[in-house]
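Notes to accompany the following structure.
Each value in this text was obtained by applying a stated rule to the coordinates, not by laboratory testing. Keep in mind the model is a prediction, meaning the values are calculated, not measured. Reconstructed Cβ throughout: ideal geometry from the backbone, glycine too, with neighbour counts over all protein chains shown.
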Amino acid sequence: MEEQLFAAARAAMAKAHAPYSKFPVGAAILAEDGATYAGANIENLSFPEGWCAETTAISHMVMGGAKRIKAVAVIAEKLALCPPCGGCRQRLAEFSSPDTLVFLCDEAGVQTRMRMDALLPHAFATDVIG
Ligand SMILES: O=c1ccn([C@H]2C[C@H](O)[C@@H](CO)O2)c(=O)[nH]1
Ligand SMILES: [Zn+2]
């Protein structure tokens, strides 16, 4: 399962549109339906209008009809490991459980594994707002 998600994230990274940062990122989600949804970062000449690989993968998952994330893998071409940014942590948390798995990858494969509640402790959630 890890290997398959890693391969999907790496294949997605090859599709990144990152001419400005030159920092391609790929993400792949294993959803509760057993399907894999992948994404890459898509930048824009108007720099703030771009978005992250994880966000592309989430949008594919939702449009594919799935709403729960079992595991997510992330890989960046130019960084040893690429932990999701703060905004993506919140977006992932929307569709995750505390035990959702997060795999941080490099070219060789999955290097670091953690649970969602370790990646985003004290997440903003409905039990906070009541
Ligand atoms: O977790 C991350 C962090 C950054 N990026 C993208 C955003 C931007 O296109 C580029 C440089 O920040 O990397 C991601 O896709 N995921
Ligand atoms: Zn992000």
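Of the peptides 115-121, 73-79, how do they stack up when ordered by the mean number of other Cβ atoms within 10 Å, highest first?
The packing order, highest mean first, is 73-79, 115-121.
Charge tally around A80: other residues with Cβ under 14 Å, Lys/Arg +1 each, Asp/Glu -1 each, net -2. Remark: segment 37-49, residue by residue, has Karplus-estimated 3J(HN,Hα) of 10, 10, x, 10, 6, 10, 8, 9, 4, 7, 3, x, 7 Hz, where x stands for each Gly or Pro and the curve is 6.51 cos²θ - 1.76 cosθ + 1.60 at θ = phi - 60°. When you restrict to C-alpha pairs under 8 Å that are six or more residues apart and normalise by the size of segment 43-127, the relative contact order lands at 26 percent. Other residues lying with their Cβ under 11 Å from the Cβ of P24 contribute a combined charge of +2, Lys and Arg counting +1, Asp and Glu -1.
Other residues lying with their Cβ under 14 Å from the Cβ of Q111 contribute a combined charge of -2, Lys and Arg counting +1, Asp and Glu -1. Residues whose amide H lies under 5 Å from that of D106, counting only those 5 or more places away or on a different chain, are Q111; hydrogens are built 1.01 Å from N in the peptide plane.
Based on Cα contacts under 8 Å between residues 6+ apart, segment 23-64 shows a relative contact order of 38 percent. The alpha carbons of segment 11-130 give a radius of gyration and a Dmax of 13.9, 43 Å, in that order. Under 21 Å of direct C-alpha separation, and excluding same-chain neighbours fewer than eight residues apart, K22 reaches these lysines: K78. DSSP bridge analysis restricted to the chain gives an antiparallel fraction near 75%, rounded to the nearest 5.
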